[in-house]
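The values are calculated or read from the model by the stated rules, or taken from the named source; none is laboratory data. Owing to the predicted nature of the structure, the values given are computational and were not obtained by experimental measurement. Here the Cβ is made from the backbone with ideal geometry for all residues, glycine too, and neighbour counts use every protein chain on show. The protein model used for the area step is the full one, side chains on, heavy atoms only, and it has no ligands, DNA or RNA in it. Shrake-Rupley method; radii C 1.70, N 1.55, O 1.52, S 1.80 Å.
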Amino acid sequence: MIKLEKNKIAYDGDMGKVTVTIYMEEEDKEALQQLADAEERSLSQMAVLIVKRAIKQAQNDGKIPPK
């Protein structure tokens, strides 16, 4: 289940950002945290990076249109 909603912060420096909530297994979250730690990123930054890579790959594979 993914929930999208606009940030309720008055100004966060990037008005285009949204909040996304995901539910995952604890072991996957722990692995994601380990990966984030290894790359000196926050859990959120690591998740965004992985999603962006997946989107770019899907665009390159023709699964979704490019921006």
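Just a few scattered comments:
- The set of residues in region 43-67 being open to solvent by 80 Å² or more (accessible area, probe 1.4 Å) and in a loop (DSSP other than H, G, I, E, B) consists of ASP61, LYS63, PRO65, PRO66, LYS67.
- As a summary of the residue check, THR19 satisfies the conditions (1) among the β-branched types (Val, Ile, Thr); (2) open to solvent by 70 Å² or more (accessible area, probe 1.4 Å); (3) modelled with pLDDT under 95 except for the one numbered (2).
- In region 19-42, the residues that are among the polar types (S, T, N, Q) reach residues that are surrounded by 11 or more Cβ atoms within 10 Å (Cβ to Cβ) and not in a helix (DSSP H, G or I) with C-beta atoms within less than 7 angstrom, at least six apart or across chains, in these pairs: THR19/ASN7.
- Residue among ALA36, ALA47 that alone is within 29 Å of PRO66 (Cβ to Cβ), within 10 Å of the chain's Cα centre (by Cα), modelled with pLDDT of 95 or more and among the small types (Gly, Ala, Ser): ALA47
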